[in-house]
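Engineer: Before we start, here is the structure in question, set down as structure tokens.
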């Protein structure tokens, strides 16, 4: 059996440790001692893009914002779903995560990061949302996979995303008919309520870790701007 190897390690601004491991050609991203992403379980990351970008027959050149690069699977799916005129911005708070994708994954994501449609922003996704709302330079989709959900934040500063003011900022940062999709580790009834209170058309979609799983552990919350 091949050993599991730690490739890299970094810490978030609040001191949380992230580590990248490799085993038998696969890669695993850990937060402290908990696996948060891998190249073996990508189903819900792909579905986040499928659900958030389900406008693809109506908008030929969408502008999309992804919160969190991770191991690149939501970005990969967005590139597959959209045409040559699309722009896909990926906001990643940790520059080390971006570097790991470029240098440590054995070329897995080279084509994604070098795609002319990809824009990597090293910084806070909420800053991108706020800038878009203020400048009326809006998105057709915003995909957020930055926490386990509002009740289980990975970064404490992300609480601003889920407050009423933050949800209104997301609404202002979307074009009419635009869609925001939130990945959560479990059901978040408070998020569903707050999205409705902010004026979104909403849907709670339970998703599994992999296509054949009987149990649907995770959720994606779809929020569509009506006007």
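Engineer: Could you put 17, 184, 39 in order, starting from the residue whose Cβ has the fewest other Cβ atoms within 10 Å?
Structural biologist: Values: 17 12, 184 22, 39 17.
Least to most surrounded, the residues fall as 17, 39, 184.
Engineer: Moving on to the next point. Based on the Cβ-Cβ distance of residue 16 and residue 80, what FRET efficiency does E = 1/(1 + (r/R0)^6) give at R0 = 30 Å, to the nearest 0.05?
Structural biologist: Numbers: r = 31 Å, r/R0 = 1.04.
That pair, residue 16 with residue 80, gives E of 0.45.
Engineer: Separate question: How far is it, in nm, from the label point at residue 226 to the one at residue 127 when both lie 7 Å from their Cα along the line to the Cβ?
Structural biologist: 3.5 nm
Engineer: Points 7 angstrom from Cα along the Cβ direction at residue 210 and residue 23: gap in nanometres?
Structural biologist: It works out to 1.3 nm between the two label points.
Engineer: Going by the alpha-carbon gyration tensor, a ≥ b ≥ c the square roots of its eigenvalues, is segment 74-168 rounded (a/c under 1.5) or, if a/c is not under 1.5, prolate (a/b greater than b/c) versus oblate? Provide the component values of the computation, followed by the final result.
Structural biologist: Values: a/c = 2.12, a/b = 1.34, b/c = 1.58.
Cα axes put segment 74-168 in the oblate bin.
Engineer: Can you give the helix-only mean residue ellipticity at 222 nm for the chain, where every DSSP H stretch with n ≥ 4 adds -39500 (n - 2.57) and the sum goes over all residues, rounded to the nearest 500 deg cm²/dmol? Before the final figure, lay out each step's value.
Structural biologist: Numbers: 8 runs with 66 residues, N = 227.
So the helix-based figure for the chain works out to -8000 deg cm²/dmol.
Engineer: Which ordering of 27, 182 is given by a fewest-first count of other beta-carbon atoms within 10 Å?
Structural biologist: Ordered by Cβ neighbours within 10 Å, fewest first: 27, 182.
Engineer: Something else now. In whole angstrom, how far apart do the alpha carbon centroids of segment 4-40 and segment 94-128 sit?
Structural biologist: 16 Å
Engineer: Can you tell me the order of 101-111, 144-154 when each peptide is scored by its average per-residue count of other Cβ atoms within 10 angstrom, highest first?
Structural biologist: On the way: 101-111: 14.8, 144-154: 19.4.
Taking the mean over residues of other Cβ atoms within 10 Å, the ranking is 144-154, 101-111.
Engineer: As I understand it, the value is the acute angle between the Cα axis of helix 125-135 and the longest principal axis of the Cα atoms of the chain; what does it come to in degrees, rounded to 10?
Structural biologist: Its long axis makes an angle of about 30 degrees.
Engineer: Cα gyration tensor of segment 41-224, axes a ≥ b ≥ c as square roots of the eigenvalues: rounded (a/c below 1.5), prolate (a/b > b/c) or oblate? Provide the component values of the computation, followed by the final result.
Structural biologist: Values: a/c = 1.34, a/b = 1.15, b/c = 1.16.
Rounded.
Engineer: May I pose another question? Antiparallel DSSP bridges in the chain: what percent, to the nearest 5? Can you show the working numbers first?
Structural biologist: Values: 29 of 48 bridges.
Expressed as a percentage, antiparallel bridges in the chain total about 60.
Engineer: By how many degrees, 0 to 90 and rounded to 10, does the Cα axis of helix 43-52 deviate from the longest principal axis of the chain?
Structural biologist: 20 degrees
Engineer: Tell me, what is the percent relative contact order of the chain, built from C-alpha pairs under 8 Å that lie six or more residues apart? Provide the component values of the computation, followed by the final result.
Structural biologist: On the way: 457 pairs, mean separation 36.9, N = 227.
Result for the chain is 16 percent.
No lab work stands behind these numbers, since they all come straight from the coordinates. Note that the structure is a prediction, hence the values are computed from the model and not measured. Methodologically, a virtual Cβ is constructed for each residue, glycine included, from the backbone with ideal geometry; neighbour enumeration extends over all protein chains shown.
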